[in-house]
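**Student:** Can you read through this structure? Questions will come right after.
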Amino acid sequence: MNQYPAWKYLLVILVLVVSTIYALPNLYGEDPALQVTSTRTAQVDITTQEKVQKLLTEAGIRYDSIGLSDAQLLVRFADTETQLAAKDVVKKGLGRGYVVALNLAPRTPDWLVSLGAAPMYLGLDLRGGVHFLMEVDVEAAVRQAEERYISDFRSLLRENKVRYARIARYSNEDVESDGLARSGVEIRFKSAEARDQAEELISGEYPDLELKTDDRADGYYLLAGLDDKERREVRKLALKQNITTLRNRVNELGVAEPVIQQQGENRIVVQLPGVQDTARAKEILGATATLEFRLADETHDVQEALRGRVPPGLKLYPQREGGYVLLKNRVMLTGDYIIDASSGIDQQTGSPAVYITLDGKGASIFSKVTGENVKKLMAVVFIENKTETRMVDGKPKKVRHTVEEVINVARIQEQLSKRFQITGLDSTQEAHNLALLLRAGALAAPIEIVEERTIGPSLGQDNIDQGFLSVVIGFILVLAFMALWYRGFGLVANLALAMNLVVIVAVLSMLQATLTLPGIAGIVLTVGMAVDANVLIFERIREELRNGVSPQTAISAGYEKAFTTIADANITTLIAAVILFGFGTGPIKGFAITLSIGIVTSMFTAIMGTRAVVNLVYGGRRIDKLSI
């Protein structure tokens, strides 16, 4: 009686062995390291490794090891001071094309690495760094989409010789007619025939747009707007593009293991472990800089335009060095086609410059328009969307505005193509930042940082120490109580509890989960809850013994009759954990994950694990007394 088949013993042993192997990497600690990866214009290979070794040797910086792995170079150091000094040297020496990130590299032995074993990641609250919660102005993406249609409609109507009086964007605040879209593009015609012709053209070319006609005193109007489905799609794509762009910018900043994820319908969480310079991070992440290339007008008077008489087809722009310039409405090229940008010094003037590389489509467009306009003036327009929170009537109000300024006006001397440069920047730092933003891509919609937290590395270490101490104290107190109250069976429960901790750590490591302070709280709670099942089982065994049944029967009855209660208690707790995960944010999700894993593993160790040990000790022989 009370004997397991061999496969159950083997299963318990296999789980224990595998869990021990995959939990081991967490004991070896980490080394301060530099992680060197490449961008699209460079490659990390043995030559890069030799160059880094030479740079560090010449600077007198000692390193513990250096090696290539997974298309990246990893250099380990003895302490963080050496690591920081090495970053400056390597970053300056390698130059453009490489991303040099501070990292903590695990000291996991090669034999464990070959088995795929790796330590858990540490969250921001344990490692230190910065946390941003960003709100995306998704409605701006809708406005931008509508603005693009203005240029498209203008070209379509001109090509088909349809005469119109005016074309502009509208919103319902400006239009009082019933049944119109919230916003869109309105075109005014002098005749109903021209409007009908335009409606036919636009509906055939853009079938997804909602078109409505509106007769007013000053003319015949055609209004085009995005339907609700298209608006949702534009907002969704804008959020996704912003996430992708932020990832690119974080890579340019040189941050290892960042967390960038969507939260809700219009928010993004960005966590940058190891970064302490929040000003620099905010400057790069929040900027929405892009460029537009337009032809400058040389025939009309700027002073007349300043008095309010801007000629049709032109727009007045301020110049960075002062004054104004008239530019044509037609955009020759936008920053969307830029695939690479680097900062440097113009050899002829000695001023800061940005060297730009276009993709194939952009090169084709730019080559055509510059070839057609050789000897004409071309302007580079710098566009930046900014969001500020101001107090209006005692309440915070978001104010969004766009800064547009001409940073360079130059005569097109020859047909330009894939590679060219722009000048007119204030400093080398501005040239560097602009190149970084253009490489990473423009944000599809403006973002505002609504929450910001900085966690220092020393605070992160304090959190680790206190979290570890809480687990140890809770573990020791539970061990002591179980050993004193349940004697021999208590020791078996303690063995299962220790096994449960090992299995939790192993599962988190195998999932490559990120351990946070709430996650540690989940583990501490699991330590207390893990013995609940054993308490129910042991109390049932005691009750059976008081009723006069034999020890073997009491053991069997204790495990079988307590199982329903144990399952009920753990399943209800698991349901609560799943709900926490579904509705909670980052820290709550971390708590829910560790709690869920702990519930499942404690069911296995408290029921199957302890039963296996009890069966080995008491099963298959005659006994008169139990140590319980």
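**Student:** Applying the selection to the range 532-542, what residues are buried (at least 19 other Cβ atoms within 10 Å of the Cβ) and closer than 16 Å to ILE623 by Cα?
**Tutor:** The answer is ILE541, and nothing else.
**Student:** If you scan the range 191-221, which residues turn out to be farther than 18 Å from TYR149 by Cα and buried (at least 16 other Cβ atoms within 10 Å of the Cβ)?
**Tutor:** ALA194, ASP214, GLY219, TYR220
**Student:** Confirm whether ALA513 is closer than 13 Å to GLY590 by Cβ and among the small types (Gly, Ala, Ser).
**Tutor:** yes
**Student:** Now a separate question. Out of ARG546, ARG542, which single residue is farther than 22 Å from VAL12 by Cβ, in contact (Cβ under 8 Å) with a residue 40 or more places away in the chain and charged (D, E, K, R)?
**Tutor:** Of ARG546, ARG542, the one residue that is farther than 22 Å from VAL12 by Cβ, in contact (Cβ under 8 Å) with a residue 40 or more places away in the chain and charged (D, E, K, R) is ARG542.
**Student:** Which residues, counting only those in the range 140-151, are of a type outside the set (A, V, I, L, M, F, W, C) and touching a residue at least 12 places away in the same chain (Cβ under 8 Å)? Explain how you work it out, then say what you get.
**Tutor:** To start, the set of residues in the range 140-151 that are of a type outside the set (A, V, I, L, M, F, W, C) comprises 143-144, 146-149, 151.
Result: ARG143, GLN144, GLU146, GLU147, TYR149, SER151.
**Student:** If you don't mind, another one. How many of the residues making up the range 325-339 are assigned to a strand (DSSP E or B) and surrounded by 14 or more Cβ atoms within 10 Å (Cβ to Cβ)?
**Tutor:** Residues in the range 325-339 being assigned to a strand (DSSP E or B) and surrounded by 14 or more Cβ atoms within 10 Å (Cβ to Cβ): 10 in total.
**Student:** Is it true that GLU139 is surrounded by fewer than 17 Cβ atoms within 10 Å (Cβ to Cβ) and within 28 Å of ASP336 (Cα to Cα)?
**Tutor:** In short, no.
**Student:** Then there's this: For the range 95-125, how many residues meet the condition of being part of a helix (DSSP H, G or I), in contact with a helix residue (DSSP H, G or I) (Cβ under 7 Å, 6 or more places away or on another chain) and either closer than 19 Å to ASN248 by Cβ or at pLDDT below 80 (or both)?
**Tutor:** Residues flagged as part of a helix (DSSP H, G or I), in contact with a helix residue (DSSP H, G or I) (Cβ under 7 Å, 6 or more places away or on another chain) and either closer than 19 Å to ASN248 by Cβ or at pLDDT below 80 (or both) within the range 95-125 amount to 1.
**Student:** Okay, moving on. Just to check your reading of the model, which residue among GLY360, GLY371, GLY274 is surrounded by fewer than 19 Cβ atoms within 10 Å (Cβ to Cβ) and modelled with pLDDT under 85?
**Tutor:** GLY360
**Student:** Would you mind telling me which numbered condition in (1) surrounded by 20 or more Cβ atoms within 10 Å (Cβ to Cβ); (2) in contact with a Pro (Cβ under 8 Å, 6 or more places away or on another chain) THR514 fails?
**Tutor:** Answer for THR514: the failing condition is (2).
Residue-wise test of (1) part of a loop (DSSP other than H, G, I, E, B); (2) hydrophobic (A, V, I, L, M, F, W, C); (3) touching a residue at least 40 places away in the same chain (Cβ under 8 Å).
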site	(1), (2), (3)
LYS8	no, no, yes
ILE13	no, yes, no
VAL17	no, yes, no
THR20	no, no, yes
ASN26	no, no, yes
PRO32	no, no, yes
GLN35	no, no, yes
GLN43	yes, no, no
LEU68	no, yes, no
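**Student:** Return yes or no: is PHE583 more than 20 Å from ALA483 (Cα to Cα), of a type outside the set (Asp, Glu) and touching a helix residue (DSSP H, G or I) at 6+ places or on another chain (Cβ under 8 Å)?
**Tutor:** Values: more than 20 Å from ALA483 (Cα to Cα): yes; of a type outside the set (Asp, Glu): yes; touching a helix residue (DSSP H, G or I) at 6+ places or on another chain (Cβ under 8 Å): no.
Here the answer is no, as PHE583 does not meet what is asked.
**Student:** Follow-up. Need pairs with beta-carbon distance below 7 Å; first residue in the same structural domain as THR48 (by TED's automatic domain parsing) and within the range 97-120, second among the aliphatic types (A, V, I, L, M) and part of a helix (DSSP H, G or I); sequence gap 6+ or separate chains.
**Tutor:** VAL100/VAL90; VAL100/LEU94
**Student:** Name every residue in the range 511-536 that is of a type in the set (S, T, N, Q) and within 21 Å of LEU484 (Cα to Cα), in order of residue number. So that I can check it myself, show each step before the final result.
**Tutor:** Just the residues of the range 511-536 that are of a type in the set (S, T, N, Q), to begin with: 512, 514, 516, 526, 534.
Scanning the range 511-536 gives THR526, ASN534.
The values are calculated or read from the model by the stated rules, or taken from the named source; none is laboratory data. These numbers were taken from a predicted model, which means no experiment stands behind them. Don't worry about glycine lacking a Cβ; one is built from the backbone with ideal geometry, like all the others, and counts go over all protein chains shown.
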